[in-house]
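Enquirer: First, the structure itself, so that you have it in front of you.
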Amino acid sequence: MSLVNFTTREITCKIVYYGPGRSGKTTNLQYIYGQVPDDRRGRMVSLATQTDRTLFFDFLPLELGSISGFTTKFQLYTVPGQVYYNATRKLVLQGADGVVFVADSQIRQLDENLESLQNLHQNVLEHGIDIRTLPMVMQFNKQDLPRELILAPQELDDALNFRGAQTLSADALHGQGVFETLKAISAEVLRKLSESSATARRG
Amino acid sequence: MDLNPRFRFETFVVGPSNRLAASAAQAVAQAPGTAYNPLCIYGKSGLGKTHLLQAIGHGALGAQPSLRVRYLTLEEFVEQYHAAVAAAQADAFRQSVQETELLLIDDVQFLAKHREMQSELLRLSEALQVANRQLVLTSDRLPAEIEELDERLISRMSGGLLVDLDAPDYETRLAILRRKAEERGTAFAAGVLETVAEIGAANVRELVGQVNKLLAFQAVSEVPLNPAGARALLTGGEEPEEGAAAAVPAPPAAAPAGDEFSAFVSAVSRTVAQSLDAWRARVGETVMRWQGEGFRTGRLEQLLQSPAPPDSEGEIVRFEADVAELRRLAAEVAALDPGASGHARFRDPDRLDEARGFALRLREATAPPPGPSAAFTLEDYVVGAANEPVVRAAKLVAQEPGVRYSPLFIAGPSGVGKTHLLHAVGNALAAGRPGAVVACLSAQAFIEELVAAIDGEHVDWWRRRYRRVDALLMDDVQLVTGKDQTQEELFNLFNALADAEKQLVFAADRPPAQLPGIAPRLVSRFEGGLVVELVAPDRPMREVLVRRLLDQHDVEAADDVVRYLAARPADSARAVQGMVNRALSTMDPAEASLTLSAARLAVEGRAARPSQAQAISSLIPASSGLDPLLASREKLVWDWPEPGDRLIEELR
């Protein structure tokens, strides 16, 4: 896994949006896509079913231009949330530099959130990565829904965030909290640069 | 229009965005008409098209000062053409433009406005190309994008090399800023230029404008400008937002107004800047800079791989010192062998030792060949009846090298003065043409040099070294006997020099035809000029020789002493010299004159009997006209045998 290539002067970040089905991962990416100037965005690849569910994965390449002399590229991926696409999820997770766990704030989705989180841990473990070293932030999406339907950020934090990751509330459909989440995960990922730039570098 | 002296390759900052264009321009400047013809450089305004175009002109003129170079903007070209047409001189104008060996036309996008000029330019480019003359064009857009441009012109412009200049990236911007600040002799506080480079400018002109703004501000301000101040100054008073990087967990109140993506990019920029250690950035910048100049930076790249912050500044200083030495070596090598300076070893500081060794070998191999020894001159050469024709030939050779007798082949036994004459001719040749390279060496030295050249794998340079000489004089040619490769080299060298009408002089112990083991093709060439023979000095010559040798040692001697010494048998000048030296060695150092008895003691090995000798010699008056050979020991018995000897004689 690598982030910074000093030889080619490139920073490449692979960020995976993880979470249960219908939690709003693709919505996050779509909002970002909509905000990126034309010359900075690659084509968003989205393989969706007829009912607009992510079948395989979404991929959004972002060209951030030259930052401190490094050509900086972000690659944003989503995984299919449905339980039976685990092989794809595992594949997409491979080589990820950071994970955004998009949780569905609805009360009735709590179990799905937990299940997906466990699935994430399991898949990361299977890749031989210590989950504690993988930068991660949690996004509590759909906070715009009526109060009676959703759990408050604090409740979700208690229920899901046993690792003490940074958490953010969001309304991905309207873009609230989307870029904040992206900034947060980017900061986490890039902070790792200084800590492990010596080891985490692709040849 | 004259070239602007500021627009040179040395002042053009190369980065990834313009490296291809800069390399192509360099290639064209080095060999106009051969590399890429036409070269078409396009890019947006202010990215350095005109700079590069004029740098080609300067570069080409630097390499070939006599080159006909012309720089015109399209507008000027059109204007001149119209003026010529108005004066009914269109053909003369065309002719003069076509005779330009390097034609640089700026801003050809304005062709859209001058459709009548398109066919003219098309014709011109065809004519130039046929004559291998270089055309370089610049445009602010791709030829195909210039409106209403003739298809044929588009294809012609695209047919050579089409390179683009892009907006400078961060490093290039920083390098440009540093160079500009250096040019103005101003130092900015740490981080100021980096901040300006980060703000970014669409083109170099804008960047220079930013520097000017900072300079103006700094000139009137009492406190030095800091990075935040520079940013505020250039971005219209916006202070950089602090702490905007971290997102807060509280739910966002509303969708933020403005450009979310830009805010995100600047947040990432800040994080990256904080995360990448400053030394890495500095090393990375150095890597970029030297890579841009075509040097290998493996050593610095390795440095980037190391986890702990090493002595990066020291490494950079060492690296740059090595690069400076490589450049010096490459320049030195280029002067000796232009082809060799482009080798990768001169672009890789890790191969500095190799480059040094190469330069040293080249230096040795291309140093001028050995010249004649200054000790031998024609004036010192004793001329007598026996060698007079040879000396006359030698003098003619010195007067008209390569014309009268080439080669001049001097044959003669050892010690008759061949070497003296050869070096004397060499000195006369060198004196006659100041700056001429006269090679004067023995065949043995020639063989040894060849062996060393083969050993050091620089035979080519060695050959070139000899092909450059204006005259070749070789002693002891008989030594190449049986040495096939030396003969082969000598044969080729002979032909090359003879073709160039350079003077050749050879000396050997016998005439060419009698030299054994020498290829007939060489023999016939030696005989093709003039073969002269030096013989043993006759007695009058020996007398002159003896007198001169004594004079050289400031020794006085009576005529009879000189006559005595000259009368001794000697088959060569060297033998005469040996004899005189022997006589001198027996002299009392306090004395300033050589007496006959001392001379005789030295030459004959025993004391003469002065009474008898003088008695008899006094019987023969000096002016008696008798054969002076009578004084010779072979003819006259001066010393009677000892009684013992006489007894044996009688017993027989």
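The values are calculated or read from the model by the stated rules, or taken from the named source; none is laboratory data. Since the model is a prediction, treat every value here as computed from it, not as a measurement. Here the Cβ is made from the backbone with ideal geometry for all residues, glycine too, and neighbour counts use every protein chain on show.
Enquirer: Only residues that are within 14 Å of another protein chain (Cβ to nearest Cβ) and within 16 Å of A:Asn123 (Cβ to Cβ): list them for the stretch A:11-25, please.
Expert: So the first thing to find is which residues in the stretch A:11-25 are within 14 Å of another protein chain (Cβ to nearest Cβ), and the list is A:11-13, A:15.
Hit for the stretch A:11-25 is A:Ile15, nothing else.
Enquirer: Collect the residues in the stretch A:4-21 that are farther than 14 Å from A:Pro61 by Cα, buried (at least 19 other Cβ atoms within 10 Å of the Cβ) and not aliphatic (A, V, I, L, M), keeping them in residue-number order.
Expert: If the condition is that a residue be farther than 14 Å from A:Pro61 by Cα, buried (at least 19 other Cβ atoms within 10 Å of the Cβ) and not aliphatic (A, V, I, L, M), then A:Phe6, A:Arg9, A:Tyr18, A:Gly19, A:Pro20 are the ones that fit.
Enquirer: Follow-up question, since we're still on this one. Just checking, how many residues over the stretch B:292-320 are within 10 Å of another protein chain (Cβ to nearest Cβ) and either aromatic (Phe, Trp, Tyr) or assigned to a loop (DSSP other than H, G, I, E, B) (or both)?
Expert: Residues in the stretch B:292-320 being within 10 Å of another protein chain (Cβ to nearest Cβ) and either aromatic (Phe, Trp, Tyr) or assigned to a loop (DSSP other than H, G, I, E, B) (or both): 4 in total.
Enquirer: Another question, then. Scan the stretch B:152-175 for residues that are out of contact with any strand residue (DSSP E or B) (no Cβ under 9 Å at 6 or more places or on another chain) and either part of a loop (DSSP other than H, G, I, E, B) or within 14 Å of another protein chain (Cβ to nearest Cβ) (or both) and jot them down.
Expert: B:Pro168, B:Thr172, B:Arg173, B:Leu174, B:Ala175
Enquirer: Take B:Val323 and tell me if it is within 11 Å of chain A (Cβ to nearest Cβ), more than 30 Å from A:Leu151 (Cα to Cα), crowded, with 17+ Cβ neighbours inside 10 Å and at pLDDT 75 or above.
Expert: no
Enquirer: If you don't mind, another one. So B:Ile199 ticks every box in (1) β-branched (Val, Ile, Thr); (2) closer than 17 Å to B:Ala232 by Cβ; (3) away from every other protein chain (no Cβ under 14 Å) but one. Which box is left unticked?
Expert: Looking at each condition in turn, B:Ile199 falls short on (3).
Enquirer: Related question: Name, by its number, the condition in (1) modelled with pLDDT under 90; (2) at the interface with chain B (Cβ under 9 Å from one of its Cβ atoms); (3) farther than 22 Å from A:Tyr33 by Cβ; (4) in contact with a strand residue (DSSP E or B) (Cβ under 8 Å, 6 or more places away or on another chain) that does not hold for A:Lys192.
Expert: Answer for A:Lys192: the failing condition is (4).
Enquirer: Can you tell me how many residues in the stretch B:1-52 are among the hydroxyl-bearing types (Ser, Thr, Tyr), in contact with a helix residue (DSSP H, G or I) (Cβ under 9 Å, 6 or more places away or on another chain) and either part of a helix (DSSP H, G or I) or closer than 24 Å to B:Ala202 by Cβ (or both)?
Expert: Going through the stretch B:1-52 one residue at a time, the tally reaches 4.
Enquirer: Identify, from the list B:Gly48, B:Gly57, the residue that is in contact with a Phe, Trp or Tyr (Cβ under 9 Å, 6 or more places away or on another chain), surrounded by 24 or more Cβ atoms within 10 Å (Cβ to Cβ) and free of Cβ contacts under 8 Å to residues at least 60 places away in the same chain.
Expert: B:Gly57
Enquirer: What do you reckon, is B:Glu182 away from chain A (no Cβ under 14 Å) and either basic (Lys, Arg) or outside any helix (DSSP H, G or I) (or both)?
Expert: Values: away from chain A (no Cβ under 14 Å): yes; either basic (Lys, Arg) or outside any helix (DSSP H, G or I) (or both): no.
Considered against the rule, which asks whether it is away from chain A (no Cβ under 14 Å) and either basic (Lys, Arg) or outside any helix (DSSP H, G or I) (or both), B:Glu182 comes out as no.
Enquirer: Looking at B:Arg280, B:Arg289, can you tell me which residue is within 14 Å of chain A (Cβ to nearest Cβ), out of contact with any strand residue (DSSP E or B) (no Cβ under 6 Å at 6 or more places or on another chain), at pLDDT below 75 and not in a loop (DSSP other than H, G, I, E, B)?
Expert: Numbers: B:Arg289 fails: at pLDDT below 75.
Result of the check over B:Arg280, B:Arg289: B:Arg280.
Enquirer: Please find, within the stretch A:144-189, the residue that is nearest to the other protein chains (Cβ to nearest Cβ) out of those that are among the acidic types (Asp, Glu) and under 18 Å from A:Glu112 (Cα atoms).
Expert: Here the residue is A:Asp157.
Enquirer: In addition: From the list B:Leu497, B:Leu530, B:Leu549, which one is more than 20 Å from B:Asn387 (Cβ to Cβ) and touching a residue at least 12 places away in the same chain (Cβ under 8 Å)?
Expert: B:Leu497
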